[in-house]
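Visitor: Dropping the structure in here first, questions after.
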Amino acid sequence: MKFGVSTFLTDEGIGPAVLGPALEERGFDSLFLAEHTHIPVDSKLPAGYQLPRPYYRTLDPFVALGVAAAVTRNLRLGTGIALVVERDPITTAKEVATLDLVSGGRMIFGVGAGWVLEEMRNHGTDPRTRGRLMDERIRAMIELWTREEAEFHGEFVDFAPVHSWPKPVQNPHPPIYVGGSSERAFARVAAYGAAWMPSHMPHVPVDAVGAQIQRMREVTGTATPVTVYAIPDDQKTLEQYAELDVDQALLFLPTLPEQETLRALDEMTNTIAAYRRAHNSGVGG
C-alpha cells in the first residue's frame, strides 16, 4: 500500500513550496489538494453542521500543485477533488495538461460532482443535472487531450474542431480518479476512471467499504485500483484498509502553520513506519 496526503491548502497554513519537499523527504508518494472556489454565506447545510474554516480559504489547487511540482522530483500531484461542474472544460483541460507537462507526467486528475449546491449554482450549474454535466465535460476534456483537432457536440458542451495544446505527458492522458460512492460513481469509474477514490467516513465501518469495493469492481469488470481519501493518522485504520487490498491511503493533514504541519507529518511518518514494521512490507509496501 502506498501513502499520500490529502489536505486543504489555504492562506493561513503551510505553503506548497515547503509542503511538497517535506512530503518527498519523508517518503510520501502523493499530495492531493481539495478545491472550493468559494462558499456562499447562505449555504444550506445539514442542520447543526458548519463547514470548517479551510473550506472558505482554499488555494487554487492547480496553481498550488504547480508550485509543488517545481520543487519536487517524484511526488505525484493530485486534485482531491476538482469540482468539474464549476469549471470550463477547455480551460481545465489546458490546466491539467500544463501541470502534467511541467511536472514531467506526475498529475492525477481527481474529480467529483460536488455537494455544496449554492456554490455550484453561482457557477451557473443546475444541481439537478450536475452529474450529466460532469461526465460530458470530462469526455470533452479527453477529446482535447488526445486529438490534434478536437471537437465535441453534447447537451452542455459544444465546440467545433479546435487546436488545444499542450498535450499531457502521460499517455493517453493523466489518470482520472473518481470520487463518490454511488452506483453512478461506479459507472463513471467504468467509463473513464483509472481508480476509485472514496472518502474515509468515520461513521461508516471499514468493512462496509470492502463491500463497496467489491461492488465497484463488479461494475467495472476489473480489479480497479482504490485510493482512499482523508484517512486519519491511525495505524489500526491503515491496517483495516490494507486488508481490503486498497492501493493507496491518503492520510488527512489538518491545515496548520508551517512548523505544526511539519510535526504532524513526522507523526504520520511514524505511524506509517509502525504499520510497515508490523506487516514487514518494506519501503515500497
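The values are calculated or read from the model by the stated rules, or taken from the named source; none is laboratory data. Predicted, not measured: the structure shown is a model, and the values here were computed from it. FYI the Cβ positions are ideal-geometry reconstructions off the backbone, even for glycines, and counts take in every protein chain you see.
Visitor: Among residues belonging to the stretch 1-23 that are under 17 Å from residue 82 (Cβ atoms) and assigned to a loop (DSSP other than H, G, I, E, B), point out the one that is nearest to the chain's Cα centre (by Cα).
Guide: It comes out as 8.
Visitor: Further question on the same structure: Let me confirm something: among 148, 119, 86, which residue is surrounded by 23 or more Cβ atoms within 10 Å (Cβ to Cβ) and not aromatic (Phe, Trp, Tyr)?
Guide: The conditions single out 86.
Visitor: Let me ask something additional. Does any residue of the stretch 257-276 turn out to be surrounded by 12 or more Cβ atoms within 10 Å (Cβ to Cβ), at pLDDT below 95 and in contact with a Phe, Trp or Tyr (Cβ under 8 Å, 6 or more places away or on another chain)?
Guide: no
Visitor: Return a yes/no flag: does the stretch 104-123 have any residue that is β-branched (Val, Ile, Thr) and more than 23 Å from residue 229 (Cα to Cα).
Guide: No.
Visitor: Given the conditions (1) on the phi > 0 side of the Ramachandran plot; (2) crowded, with 21+ Cβ neighbours inside 10 Å, which single one is not true for residue 105?
Guide: Here residue 105 meets the rest and fails (2).
Visitor: Only one of 79, 91, 72, 58 is more than 28 Å from residue 132 (Cα to Cα), free of Cβ contacts under 8 Å to residues at least 60 places away in the same chain and among the polar types (S, T, N, Q); which?
Guide: One residue alone meets the criteria, 72.
Visitor: On to the next question. Among (1) of a type in the set (S, T, N, Q); (2) more than 20 Å from residue 111 (Cα to Cα); (3) crowded, with 22+ Cβ neighbours inside 10 Å, where does residue 6 come up short?
Guide: So residue 6 meets the others, but not (2).
Visitor: Would you say residue 196 is within 16 Å of residue 79 (Cβ to Cβ) and of a type in the set (Phe, Trp, Tyr)?
Guide: yes
Visitor: What are the residues in the stretch 59-82 that are out of contact with any strand residue (DSSP E or B) (no Cβ under 7 Å at 6 or more places or on another chain), within 19 Å of residue 176 (Cα to Cα) and not charged (D, E, K, R), if any?
Guide: Those that are out of contact with any strand residue (DSSP E or B) (no Cβ under 7 Å at 6 or more places or on another chain), within 19 Å of residue 176 (Cα to Cα) and not charged (D, E, K, R): 62, 63, 66, 74.
Visitor: Hey, could you check the stretch 43-78 for residues that are closer than 21 Å to residue 92 by Cα and basic (Lys, Arg) and say which is surrounded by the fewest Cβ atoms within 10 Å (Cβ to Cβ)?
Guide: Result: 57.
Visitor: A further question follows. Return a yes/no flag: does the stretch 92-99 have any residue that is surrounded by fewer than 21 Cβ atoms within 10 Å (Cβ to Cβ), out of contact with any strand residue (DSSP E or B) (no Cβ under 6 Å at 6 or more places or on another chain) and β-branched (Val, Ile, Thr).
Guide: yes
Visitor: Does residue 192 count as more than 24 Å from residue 252 (Cβ to Cβ) and among the aromatic types (Phe, Trp, Tyr)?
Guide: For residue 192, the condition - more than 24 Å from residue 252 (Cβ to Cβ) and among the aromatic types (Phe, Trp, Tyr) - is met.
Visitor: Out of everything in the stretch 151-171 that is hydrophobic (A, V, I, L, M, F, W, C) and surrounded by 10 or more Cβ atoms within 10 Å (Cβ to Cβ), what residue ends up being nearest to residue 91 (Cα to Cα)?
Guide: 165
Visitor: Right, here's the next one. For the stretch 191-226, enumerate the residues that are surrounded by fewer than 18 Cβ atoms within 10 Å (Cβ to Cβ), β-branched (Val, Ile, Thr) and either in a loop (DSSP other than H, G, I, E, B) or at positive phi (or both).
Guide: 204, 222
Visitor: Within the stretch 1-36, track down each residue that is more than 19 Å from residue 103 (Cα to Cα) and among the hydroxyl-bearing types (Ser, Thr, Tyr).
Guide: 7, 10
Visitor: If I filter the stretch 227-248 down to residues being among the hydroxyl-bearing types (Ser, Thr, Tyr) and assigned to a helix (DSSP H, G or I), which single residue comes out as nearest to the chain's Cα centre (by Cα)?
Guide: Looking at the filtered set, the residue picked out is 241.
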